[in-house]
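See structure below.
Just so it is clear, none of the values below were taken in a lab; they were calculated from the coordinates. Being a predicted model, the structure only gives us computed values, none of them experimental. As a convention, Cβ positions derive from the backbone with ideal geometry for all residues, glycine included, and neighbour counts pool all protein chains shown.
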């Protein structure tokens, strides 16, 4: 059963944040959005999310630093980096992989159908992984 | 004559999560197709051009490249049953038996 799983979307673009809300509004998932990495970490500390969508480039501590902090404190929470699929962005992420961080990618801008597929797939996978 | 079915799996990096996904996919293909498949595992981070060419929108993504019907599965690659249905593996296995 997938009731009330919590999804946290961290992105400084209002349009992107709204895309996640609209994509998941008819599901049983709870969606919270914030516009900075700092706010995202505060939200996670207050109530651990089940899945995080994280923008790569934001004002403040930015996506990479937010990713490091998320995985340090909540290594079990899957993170999708929301980014354009371009080599110059991937270079930044290769270092994170080399440092042992684990994440998936979703291309920006992400359409509702893709967001739903990723959320269902990831959270159902986590549920299965948790099954004894 | 046995036809090799080609698949491409797009993952992010070489994390334990990516390795687990690769294992599930490979084992599922072995289960249904024995040795008559080719699976190429592609790290999107070091192959952005390949991801672009195959219109990859998220990882992990598994594509059946051919022979037809072509198909793709995005996000949840952890269930052998779901993979088999999405990639028409049962039909392929029946053809080969």
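Summary table below
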| read-out | value |
| --- | --- |
| Whether region A:1-73 is rounded, prolate or oblate, judged on the alpha carbon gyration tensor where a/c under 1.5 counts as rounded | oblate |
| Protection proxy ranking of B:30-42, A:55-67 - average other beta-carbon atoms within 10 Å, highest first | A:55-67, B:30-42 |
| Averaged over B:6-15, number of beta-carbon atoms from partner chains that fall within 10 Å | 4 |
| Chain B: angle of helix B:16-33 to the longest principal axis, Cα-based, in degrees nearest 10 | 10 degrees |
| Distance from region B:11-53 to region A:61-115 (C-alpha centre basis), Å | 19 Å |
| Candidates A:88, A:107, A:69, ranked by Gaussian network fluctuation over chain A, Cα under 10 Å, top entry | A:88 |
| Relative contact order computed over region B:5-96 (Cα-Cα under 8 Å; 6+ residues apart), in percent | 37 percent |
| Cα centroid of region B:80-97 to Cα centroid of region A:8-39, whole Å | 36 Å |
| Relative contact order (%) - chain A, alpha-carbon pairs under 8 angstrom, separation at least six | 25 percent |
| Shielding score for B:65-75, defined as the mean number of other chain Cβ atoms within 10 Å | 2 |
| Shape call, the protein assembly as shown: gyration tensor on alpha carbons, a/c limit 1.5 | prolate |
| Per-residue average of Cβ from other chains inside 10 Å of B:89-97 | 0 |
| For region A:6-130, alpha-carbon Rg relative to the globular expectation (2.2 N^0.38 Å, N residues) | 0.97 |
| Estimated 222 nm signal from helices in the protein assembly as shown, with DSSP H stretches of n ≥ 4 weighted -39500 (n - 2.57), rounded to 500 | -14000 deg cm²/dmol |
| Translational diffusion coefficient (Stokes-Einstein; Kirkwood radius from C-alpha pairs) of region B:5-96 at 25 °C, 0.890 mPa s, in µm²/s | 187 µm²/s |
